[in-house]
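Asker: Sharing a structure, written as structure tokens. Questions coming.
Read-outs: derived from the displayed coordinates by stated rules, not from any lab. Remember, it's a predicted structure, so these values are computed and weren't measured experimentally. Methodologically, a virtual Cβ is constructed for each residue, glycine included, from the backbone with ideal geometry; neighbour enumeration extends over all protein chains shown.
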């Protein structure tokens, strides 16, 4: 298991391709508040529920100054298909070798149907304008998670 991030620490740098094949780096996001969430796989039931929940809450999050970005191991063409299929209005990043997942402590052992497996630990981070971690939420549930984030951040509908 990789080490988990704590609030107040610097968010690990990254440079990944988005759903359109454009490079997005953490350094490019300085000056913005970011909700960075890691999910196991595009177009699976839980991940679709979570992504659509972010989509449906995007105006309140953006209104409070937050940019939402999802990260998975899926390649850009699959992310583009996911974005198009579900009308997602935020950036999806591809981390196929799970290097960024590991840097954020979201790759490791987890329980799946009663078995210990290695994989993505569904997690969300809120990053400040200067790139530090404000919130680090590990092992989150797909359903109801966005409402919890909004509550923690004091964002109303």
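Asker: Of all residues in the range 8-33, which are under 19 Å from residue 79 (Cα atoms) and either touching a strand residue (DSSP E or B) at 6+ places or on another chain (Cβ under 7 Å) or in a strand (DSSP E or B) (or both)?
Answerer: Across the range 8-33, the qualifying residues are 14, 15, 16, 17, 18, 19, 23, 24, 25.
Asker: Here is a check on your reading of the model: is residue 108 more than 12 Å from the chain's Cα centre (by Cα) and within 18 Å of residue 50 (Cα to Cα)?
Answerer: For residue 108, the condition - more than 12 Å from the chain's Cα centre (by Cα) and within 18 Å of residue 50 (Cα to Cα) - is not met.
Yes/no per residue for (1) without any contact (Cβ under 8 Å) to a residue 24 or more places away in the chain; (2) within 22 Å of residue 107 (Cα to Cα); (3) surrounded by fewer than 17 Cβ atoms within 10 Å (Cβ to Cβ):
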| position | (1), (2), (3) |
| --- | --- |
| 21 | no, no, yes |
| 39 | no, yes, no |
| 44 | yes, yes, yes |
| 48 | no, yes, no |
| 62 | yes, no, yes |
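Asker: Right, another one. Any residue at all in the range 85-94 that's part of a helix (DSSP H, G or I) and under 24 Å from residue 20 (Cα atoms)?
Answerer: Keep residues of the range 85-94 that are part of a helix (DSSP H, G or I), which gives 85-86.
Checking which are under 24 Å from residue 20 (Cα atoms) leaves us with 85-86.
Within the range 85-94 (the criterion being part of a helix (DSSP H, G or I) and under 24 Å from residue 20 (Cα atoms)), the answer is yes, since at least one residue qualifies.
Asker: Could I ask something else about it? For the range 59-68, give me the residue count where each residue is closer than 22 Å to residue 139 by Cα and not in a strand (DSSP E or B).
Answerer: Number of matching residues: 1.
Asker: Considering only the range 87-113, state which residues are out of contact with any strand residue (DSSP E or B) (no Cβ under 9 Å at 6 or more places or on another chain) and surrounded by 15 or more Cβ atoms within 10 Å (Cβ to Cβ).
Answerer: Of everything in the range 87-113, just one residue is out of contact with any strand residue (DSSP E or B) (no Cβ under 9 Å at 6 or more places or on another chain) and surrounded by 15 or more Cβ atoms within 10 Å (Cβ to Cβ), namely 103.
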